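The values are calculated or read from the model by the stated rules, or taken from the named source; none is laboratory data. Quantities reported herein were computed from a predicted structural model and do not represent experimental measurements. Neighbour counts are summed over all protein chains in view; Cβ atoms, including those assigned to glycine, are modelled from backbone coordinates with ideal geometry. The area values use the complete protein model at the heavy-atom level, side chains included, leaving out ligands, DNA and RNA. Shrake-Rupley method; radii C 1.70, N 1.55, O 1.52, S 1.80 Å.
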Amino acid sequence: MTYDVIVIGSGPGGYSAAVRAGQYGLKTAIVERDNKLGGVCLHVGCVPTKALLHTAEVWEHFQHPEADGIHCDNARLDFPLVIQRKNQIVGKHAKGVEFLMKKNKIDVLRGWGRLAGPGRVEVHNDGQSQTYETRNVVLATGSEARMLPGLKPDARRILTNIEILDLTEVPKSLAILGAGAVGVEFASCFHRFGSKVSLFEMLPRIVPVEDEEVSKELARVFKKSGIRVETGARADNVQVADNGVRFEVTLANNQTETVEADALLVAIGRKPNTENIGIEGTRIELDRGFIKCDPYQRTGEPGVYAIGDIVAGMPQLAHVATAEGMVAIAHIAGKDVTPLHRNRMPGATYTEPGIGSVGLTEAQAIAQGYKVRIGKFPFQANSKATILGQHDGFVKIVADEKHGEILGMHIIGPQAFELIGEGVLAMESESTVDTLIHTIHAHPTIYEAMGEAFNAVYGMAINV
Ligand SMILES: Cc1cc2nc3c(=O)[nH]c(=O)nc-3n(C[C@H](O)[C@H](O)[C@H](O)COP(=O)(O)OP(=O)(O)OC[C@H]3O[C@@H](n4cnc5c(N)ncnc54)[C@H](O)[C@@H]3O)c2cc1C
């Protein structure tokens, strides 16, 4: 038997691609090395982190209930129960992925998958290996945490996104290396659980892919809440002892300091899983380990596509992986397919305050030669934000002065990761600033701030 498609890897890229292939009636198999389907996102990424962040938010409300006129004595955090709840959420959705495979008649092949010559995939499991014939392969093997040289993660002291999600207690102090989305989310989460958090970033600002003003605002709020934030900081010489970790940091002012903490989270980026998957000897081209693809997700090797965290030049995000999977499978099935637009991929960071962004930052738009108009509206002036007691942040619109084209949208504040949906739709449907000005936003809502920010592009916001 020859498959139409074999997908290697069952993360959000791989399993969604397999489902879509099944929907198109393609004979499909998915290969997964783990005993659970769902990948990083479901098991040690998006879903469990957001489960913990939700609890952190609820717990924060219990810490200061008087602000809402509620007295609550003896509230306590039962951390093993928090982890149990997170595991239940993950477990429920892992079962969901298994169900989807059955529903769409997808064969699940357990083991390590690799390309084994044109039209062939080899699956190794428990010392056994089997080869399958297929017309197309979709590589969706994802990524793993990068480590500092010489360091090894363990269950309590040196943590990656995997170990930190299964801690049995909240560390009294937590140092974090790296202030990308993963680092800042865990900083926000464990700070609210009660850890003394210090965040060290080598680059000049935290969340470096975001608009500069967003980075500044997050750093301001983090510092105000008691999180130590050091940018331009380089960590070296990490030593692990029974009672904690200790390392040296060279700070932005060139002074060196010894830092001690109960645990160290290493969140310095993600390495693509492109080793030992049979790429050698093919026409697949790599860029620092990432796979180069054309706009249809085709690699240089005929019949081999790549999607998700292994793709060069794309953000490492679950919804990007899924969207790339849709493109690859539509192309395989001979359907109409619109390649993805790099500037319409939203980013969402679930800190407190949250971040949602899409499109060009102000600096990128200027660098690309646009004459830019900025509309900005602070949540300070939004009545629903006052009701929620969440005043930090703003909505920032980056627009082209000439035609009112929306170039980018950058939100930091309450529910920013939900609000950004309006921006993505506006950009996808090529709406202009004018359309959004005439879009009526319900009152009182957080998303009214969007309407105000669009008005602010022409200096016409009402409530500031
Ligand atoms: C802590 C954390 C939080 C995150 N939060 C978010 C978020 O909120 N929103 C968001 O959009 N993104 C988030 N991400 C990023 C997101 O998890 C990834 O972008 C996404 O999982 C990538 O999906 P993927 O399908 O490319 O691969 P993965 O999810 O990495 O899955 C790859 C799968 O392939 C399997 N595999 C690898 N090699 C082989 C092989 N040779 N044979 C068989 N199987 C193999 C792996 O076991 C794995 O199951 C987060 C990441 C982390 C680490």
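Of all residues in segment 1-36 being among the aliphatic types (A, V, I, L, M) and surrounded by fewer than 24 Cβ atoms within 10 Å (Cβ to Cβ), which is farthest from the ligand (Cβ to nearest atom)? Even if it seems obvious, please write down each step before you answer.
If we filter segment 1-36 for residues that are among the aliphatic types (A, V, I, L, M), which is where we start, we get 1, 5-8, 17-19, 21, 26, 29-31.
Adding the requirement that they be surrounded by fewer than 24 Cβ atoms within 10 Å (Cβ to Cβ) leaves 1, 19, 26, 29.
On the way: 1: 20, 19: 13, 26: 19, 29: 11 Å.
Within segment 1-36, the match that is farthest from the ligand (Cβ to nearest atom) is 1.
Within segment 121-152, the set of residues being away from the ligand (no atom under 13 Å from the Cβ) and either crowded, with 16+ Cβ neighbours inside 10 Å or in a loop (DSSP other than H, G, I, E, B) (or both) comprises 126, 127, 134, 136, 147, 148, 149, 150, 151, 152.
Restricting the first member to segment 218-232 and to residues that are surrounded by fewer than 16 Cβ atoms within 10 Å (Cβ to Cβ), and the second to residues that are in a helix (DSSP H, G or I), the beta-carbon pairs closer than 8 Å and six or more apart or on different chains are 225/191; 226/191. Look at residue 173 and say whether it is of a type in the set (Ser, Thr, Tyr) and surrounded by fewer than 16 Cβ atoms within 10 Å (Cβ to Cβ). Considered against the rule, which asks whether it is of a type in the set (Ser, Thr, Tyr) and surrounded by fewer than 16 Cβ atoms within 10 Å (Cβ to Cβ), residue 173 comes out as no.
Does segment 327-361 hold any residues that are crowded, with 21+ Cβ neighbours inside 10 Å and assigned to a helix (DSSP H, G or I), and which are they? Answer for segment 327-361, where residues must be crowded, with 21+ Cβ neighbours inside 10 Å and assigned to a helix (DSSP H, G or I): 327, 328, 329, 332.
Just checking, which of 446, 406, 397, 412 is buried (at least 23 other Cβ atoms within 10 Å of the Cβ), of a type in the set (A, V, I, L, M, F, W, C) and part of a loop (DSSP other than H, G, I, E, B)? Quick ask: steps written out before the conclusion?
Numbers: 406 fails: part of a loop (DSSP other than H, G, I, E, B); 397 fails: part of a loop (DSSP other than H, G, I, E, B); 412 fails: part of a loop (DSSP other than H, G, I, E, B).
The conditions single out 446.
Selection over segment 304-326 of residues that are on the phi > 0 side of the Ramachandran plot and either open to solvent by 30 Å² or more (accessible area, probe 1.4 Å) or of a type outside the set (Gly, Ala, Ser) (or both) gives a count of 1. Scanning segment 415-443 for residues that are open to solvent by 60 Å² or more (accessible area, probe 1.4 Å), without any contact (Cβ under 8 Å) to a residue 40 or more places away in the chain and not in a loop (DSSP other than H, G, I, E, B) yields 425, 434, 435.
For segment 56-76, which residues satisfy the criterion of being aromatic (Phe, Trp, Tyr) and open to solvent by 70 Å² or more (accessible area, probe 1.4 Å)? Selection gives 62 alone. Considering only residues in segment 243-279 that are open to solvent by 80 Å² or more (accessible area, probe 1.4 Å) and modelled with pLDDT of 95 or more, the one that is nearest to the ligand (Cβ to nearest atom) turns out to be 276. Residues of segment 364-384 that are open to solvent by less than 60 Å² (accessible area, probe 1.4 Å), under 23 Å from residue 181 (Cβ atoms) and of a type in the set (Gly, Ala, Ser): 365 alone. For residue 342, the test of being more than 25 Å from residue 187 (Cβ to Cβ) and under 18 Å from the mean Cα position of the chain (by Cα) is passed.
Among the numbered conditions (1) in contact (Cβ under 8 Å) with a residue 24 or more places away in the chain; (2) over 30 Å from residue 142 (Cα atoms), tell me where residue 46 comes up short. Among (1) in contact (Cβ under 8 Å) with a residue 24 or more places away in the chain; (2) over 30 Å from residue 142 (Cα atoms), the lone unmet condition for residue 46 is (2).
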